[in-house]
1. Would you please put 144-151, 64-71 in order of how densely packed they are, using the mean number of other Cβ atoms within 10 angstrom per residue and starting with the highest?
2. Shape call for region 135-183 from the C-alpha gyration tensor, a ≥ b ≥ c root eigenvalues: rounded (a/c under 1.5), prolate (a/b greater than b/c) or oblate?
3. Calculate, for residue 28 and residue 159, the FRET efficiency according to 1/(1 + (r/R0)^6) with r their C-beta to C-beta distance and R0 45 Å; round to the nearest 0.05.
Amino acid sequence: MNTHYSLLFLIILIPAVSFSCADSLTSSIVCNGAAFVSSSLISQGQTYAAEFFASDLAVLIRTLNLDTEPKTQTIINATGPLGIDEYSSLTREYEKDSPLCIFEDTRNRTDSGSQVRTLGLLDQGEYSSSRSVAKELTAFTAVNGSGIIQIRAGTEDKNRTTSMKADILGDMNMTEHLTLGGS
């Protein structure tokens with residue numbers, strides 16, 4: 001009986017989502033085995049790539065809105081091993097406000113870029129992530145579990161370079177919010 005209602009719900013939901021949201025993907029996976037998901041977006045100045053795997057009993061929910069301002073959201077809860085590799089970057093060119101000089105680039109532009117990468121391997125736990133690659137690169141990460149997480153972030157803008165590294169090992173409950181490359 002429940003499978004009939006679930007099938008009817010999907011038959012109604014899929015066309016409604018297809019017509020209402022251009023370039024978006026929402027997936028929900030519940031498994032008691034292994035799940036491996038991968039997704040990527042490469043656009044002019046915008047990059048997002050992610051690979052996740054989970055085994056044993058796991059729930060994985062992922063939403064990708066890939067319009068002009070790409071946004072992603074991922075939630076994973078696993079009772080067994082959980083692997084995370086998530087990367088996003090934003091690159092822009094700015095006009096310089098300086099007189100021409102023989103040693104300057106003839107295009108009279110300077111590049112700026114920001115990037116965030118999260119790598120992890122958990123024995124078990126919960127991983128939640130939200131990324132936006134629009135006017136600025138924003139990344140929110142929350143982890144509650146046991147294992148190892150590495151976060152690398154950096155930005156280059158005109159004459160300034162900023163970098164951040166975080167390595168967490170063991171039992172953890174961490175949250176991190178980054179905003180990089182704002183005008």
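Only the coordinates and a few stated rules stand behind these numbers; no lab work does. Computed from a predicted model, the values in this text were never measured in an experiment. Glycine also receives a Cβ, built like all others from the backbone with ideal geometry; neighbour counts cover every protein chain displayed.
1. Working: 144-151: 17.6, 64-71: 15.5.
Going by the mean number of other Cβ atoms within 10 Å, highest first, we get 144-151, 64-71.
2. Values: a/c = 4.97, a/b = 2.15, b/c = 2.31.
Oblate shape, in that a/c is at least 1.5 and b/c is the bigger or equal ratio.
3. Numbers: r = 46 Å, r/R0 = 1.01.
Efficiency at R0 = 45 Å is approximately 0.50.
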